[in-house]
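*Asks:* My questions all concern the structure below.
Read-outs: derived from the displayed coordinates by stated rules, not from any lab. As the structure is a prediction and not an experimental result, all values here were calculated from the model. No Cβ is skipped: glycine too gets one built from the backbone with ideal geometry, and neighbour counts run over all protein chains shown.
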Amino acid sequence: MTDQADLFDPIAHGSDAFPEFARRRSSGGASWGKPPYPEVGEAFYVFSHALVSQALKHPLLLQAPPGAYQEVRQKISANPALDLLTRSMLLSDPPRHMRLRRPLAGSLSFSSSNGQSVGTYAGSCTKTGVRRGS
């Protein structure tokens with residue numbers, strides 16, 4: 001672990017953490033930090049797309065390491081606010097992550113969201129044109 005003064009704190013930066021993210025990326029892209037909730041114990045944060053992609057695919061870096069899963073989940077579930085996080089797709093490991101994501105996959109695709117915005121824009125332009133023409 002690093003010096004306490006250099007621990008990343010996800011809460012301390014409020015709504016403008018991006019300058020701190022950039023600083024952490026320029027100094028290697030990873031940092032020990034304070035956990036978002038104390039039940040975890042310690043946290044290791046990554047700040048670059050490449051490191052995040054590698055971490056998400058690494059079997060030893062899953063959300064809940066083998067042996068600690070039930071203990072961590074029980075502690076978190078005891079707090080109603082934190083229990084909501086345990087049901088989040090973002091905080092789920094495979095295969096549960098995919099079971100939660102699969103029903104949304106079509107709605108989350110680029111073509112689906114881009115098509116909707118293009119359709120909305122086209123509809124707006126059509127209504128404006130009809131109004132001006134009448």
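*Asks:* Work the Kirkwood hydrodynamic radius out for segment 1-61: mean of 1/r over every pair of different alpha-carbon atoms, inverted, in Å.
*Replies:* 12.3
*Asks:* First select every other residue whose beta carbon is under 12 angstrom from the beta carbon of GLU20; then total the charges, Lys and Arg +1, Asp and Glu -1. Write down the numbers at each step before the final one.
*Replies:* Working: positive: ARG23, ARG24, ARG25; negative: ASP6, ASP9, ASP16.
Summing Lys and Arg as +1 and Asp and Glu as -1 gives 0.
*Asks:* Around LEU51, what is the net charge, scoring Lys/Arg as +1 and Asp/Glu as -1 over all other residues with Cβ under 14 Å from its Cβ?
*Replies:* Numbers: positive: ARG24, ARG25, LYS57; negative: none.
Taking every Cβ under 14 Å from that of LEU51, the sum is +3.
*Asks:* Then there is this: Please get the size of the charge dipole for segment 1-61, origin at its Cα centre, with Cβ charges of +1 on Lys and Arg and -1 on Asp and Glu, quoted in debye to the nearest 20. Please report the intermediate quantities before stating the final value.
*Replies:* On the way: 5 positive and 7 negative charges, 60 e Å.
It comes to approximately 280 debye.
*Asks:* So which lysines pass the test for LYS34, namely a Cα distance under 21 Å, with those fewer than 8 places away in the same chain ruled out?
*Replies:* By straight Cα distance, LYS34 reaches LYS75.
*Asks:* What is the sum of charges, Lys and Arg at +1 and Asp and Glu at -1, for the other residues whose Cβ falls under 15 Å from the Cβ of ARG99?
*Replies:* Numbers: positive: ARG87, ARG96, ARG101, ARG102; negative: ASP93.
In short, +3.
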